[in-house]
1. Can you tell me how many residues within segment 237-246 are under 23 Å from residue 287 (Cα atoms) and in contact with a Leu (Cβ under 9 Å, 6 or more places away or on another chain)?
2. Would you check if residue 174 is in contact with a Leu (Cβ under 9 Å, 6 or more places away or on another chain), surrounded by 16 or more Cβ atoms within 10 Å (Cβ to Cβ) and touching a residue at least 12 places away in the same chain (Cβ under 8 Å)?
3. Tell me, please, whether a residue that is at pLDDT 70 or above, more than 23 Å from residue 256 (Cβ to Cβ), among the β-branched types (Val, Ile, Thr) and in a helix (DSSP H, G or I) can be found in segment 62-83.
4. Pull out all pairs, ordered by first then second residue, where Cβ-Cβ is under 8 Å, the residues are six or more apart or on different chains, the first lies in segment 149-165 and is assigned to a loop (DSSP other than H, G, I, E, B), and the second is polar (S, T, N, Q) and surrounded by 14 or more Cβ atoms within 10 Å (Cβ to Cβ).
5. How many residues are open to solvent by less than 10 Å² (accessible area, probe 1.4 Å) and part of a loop (DSSP other than H, G, I, E, B) when one looks only at segment 219-250?
6. Sort through 215, 295 and tell me the only one that's under 23 Å from residue 345 (Cα atoms), within 19 Å of the chain's Cα centre (by Cα) and buried (at least 19 other Cβ atoms within 10 Å of the Cβ).
7. Say we look at segment 251-266 and pick out the residues that are in a loop (DSSP other than H, G, I, E, B) and within 11 Å of residue 224 (Cα to Cα); which of these is most open to solvent (accessible area, probe 1.4 Å)?
8. Which residue, of 176, 187, 199, is in a helix (DSSP H, G or I), among the basic types (Lys, Arg) and in contact with a strand residue (DSSP E or B) (Cβ under 7 Å, 6 or more places away or on another chain)?
Amino acid sequence: MFPRRLVGAAAAAAAAVAAAGAVPRGGGLLALLANQCRFVTGLRVRRAQQIAQLYGRLYSESARLVLLGRLWRRLRGRAGHVSAVMAAVAGFVWDEERIKEEELQRSIDEMKRLEEMSAVFQSPGVERHPPEPKSQTEGNEDSGGKKAAPWEMVMDKKHFKLWRRPIAGSHHYQYRVFGTYTDVTPRQFFNVQLDTEYRKKWDALVIKLEVIERDVISGSEVLHWVTHFPYPMYSRDYVYVRRYSVDQDNNVMVLVSRAVEHPSVPESPEFVRVKSYESQMVIRPHKSFDENGFDYLLTYSDNPQTVFPRYCVSWMVSSGMPDFLEKLHTATLKAKNMEIKVKDYISSKPVEMGSEAKATTPSSERKNESSCGPARIEYA
């Protein structure tokens, strides 16, 4: 159906032309309707250009980017080309998407809370254990500070424990893993997780993994990760921002990641885009960063957008997470034995940007001293 206003306008124009005795050959109504559509479209394009020029005079470039970014986020939930066009125009707004210091601190506080809840947790060496499941019903809050459901024990092994809890308003779970390793150093374990090139070698599920943009203010990075899913499911891809921090005074390391949208990585029909994803890893050395032995706490959730029942997805995650952590541990052992070199992300040397990613322009905002920006390649 044509818009009523256009049909009316075209009919009026047709009547005027007919009255003048100049109706075009081959059906004048459709031709006039097409001319009217082109006329209205031209008016709207010129109006958009005038609005853009007006905003260009009223706002600075950074203010325009912020306004466009907010408009993009309002439209991105709608289907169609409007969202994609706005995303391309707005660019990626680091002021809104970079991982803040509070997000890092929340993860560290959660580790401290577990330590305080169990006296056994404080004992040295391999006998370290997190609190029992019933203790985890106390003081639970989600990332928004709201009261959350209690944790449910899923797996209990000597050096590995897994809990889950339902995410409010969804059919998915958030998972928490506590583990202990005594045969590798915290530095090695931390670097292996961050080294994208090494990940492609030890994780056979990786199809693509690359850094697409870096923020020199906070050290946050945007990555695109494509991974195989079990047959017959389509492969999934993730676009996420990550930031890490190493606090030597408090003897703790933290890595936080969460999903974002980035205009340079639009959704592809080849993969299913995972739009809900969060991961926090906290590492507490038993002694120092370069001596064997540490505890870690991994909190993880995502929505893989499958059609399988909730219990099937829960089973896949619960069984797949121990397998992934074992691969990560094995890869760390190989790095320790010098079978492969791994980048040292704890180095504080200044960054030298190459073709792998682009950095944003530094501002007057002071870097947090406990956070590490992207480092020049060293090896551990």
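The values are calculated or read from the model by the stated rules, or taken from the named source; none is laboratory data. This structure is a prediction, so every number in the text was calculated from the model and none was measured. Because the Cβ atoms are built from the backbone with ideal geometry, glycine has one as well, and the counts that use them run over all protein chains shown. We work out accessible area using only protein heavy atoms, side chains counted, and drop any ligands, DNA or RNA first. Shrake-Rupley method; radii C 1.70, N 1.55, O 1.52, S 1.80 Å.
1. 2
2. Considered against the rule, which asks whether it is in contact with a Leu (Cβ under 9 Å, 6 or more places away or on another chain), surrounded by 16 or more Cβ atoms within 10 Å (Cβ to Cβ) and touching a residue at least 12 places away in the same chain (Cβ under 8 Å), residue 174 comes out as no.
3. Taking every residue of segment 62-83 in turn, none turns out to be at pLDDT 70 or above, more than 23 Å from residue 256 (Cβ to Cβ), among the β-branched types (Val, Ile, Thr) and in a helix (DSSP H, G or I).
4. As it stands, the answer is 149/140; 150/136; 150/140; 151/136; 151/140; 159/180, since those pairs meet every condition given.
5. 2
6. Exactly one of 215, 295 is under 23 Å from residue 345 (Cα atoms), within 19 Å of the chain's Cα centre (by Cα) and buried (at least 19 other Cβ atoms within 10 Å of the Cβ), namely 215.
7. Ranking the qualifying residues of segment 251-266, first place goes to 266.
8. 199
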